[in-house]
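The values are calculated or read from the model by the stated rules, or taken from the named source; none is laboratory data. On a predicted model such as this, the values are computed, not experimentally measured, just so you know. Here the Cβ positions follow ideal geometry from the backbone for every residue, glycine too, while neighbour counts run over all protein chains shown.
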């Protein structure tokens, strides 16, 4: 058995492969000490079959900013009524050759 195939069969690697197949990913965050328990509870709720849907809906309703949009879409949706966004045509400066 080669070193790389031996390493891929470690208990940690096997555990990570099982989680990956289940669609679970590891996420590391940094929060204030007093918020650590809260973040753990949120993670548990999102992973619990009975609570997951309600927890996701609650979190999305409160914190979701919507789908990311491109600049062109963002500008098209911006309220520009009454704002003059035209500018005079600049022909550059005249130079003597």
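What to note about this one:
The rows are residues; the columns are (1) under 22 Å from the mean Cα position of the chain (by Cα); (2) modelled with pLDDT under 95; (3) part of a helix (DSSP H, G or I); (4) surrounded by 11 or more Cβ atoms within 10 Å (Cβ to Cβ).
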{"position": "6", "(1), (2), (3), (4)": "no, yes, yes, no"}
{"position": "17", "(1), (2), (3), (4)": "no, yes, yes, yes"}
{"position": "20", "(1), (2), (3), (4)": "yes, yes, yes, yes"}
{"position": "25", "(1), (2), (3), (4)": "yes, yes, no, no"}
{"position": "29", "(1), (2), (3), (4)": "yes, yes, no, no"}
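- The numbered conditions (1) in a loop (DSSP other than H, G, I, E, B); (2) modelled with pLDDT of 85 or more are all true for residue 61 except (1).
- With respect to the conditions (1) touching a residue at least 12 places away in the same chain (Cβ under 8 Å); (2) not in a helix (DSSP H, G or I), residue 84 lacks only one, and its number is (1).
- Hits in region 64-81 (condition: farther than 30 Å from residue 20 by Cβ and either over 19 Å from the mean Cα position of the chain (by Cα) or part of a loop (DSSP other than H, G, I, E, B) (or both)): 69, 70, 72, 73, 75, 76, 77, 78, 79, 80, 81
- Within region 47-63, the set of residues being surrounded by 10 or more Cβ atoms within 10 Å (Cβ to Cβ) and free of Cβ contacts under 8 Å to residues at least 12 places away in the same chain comprises 48, 51, 52, 53, 54, 56, 57, 58, 60.
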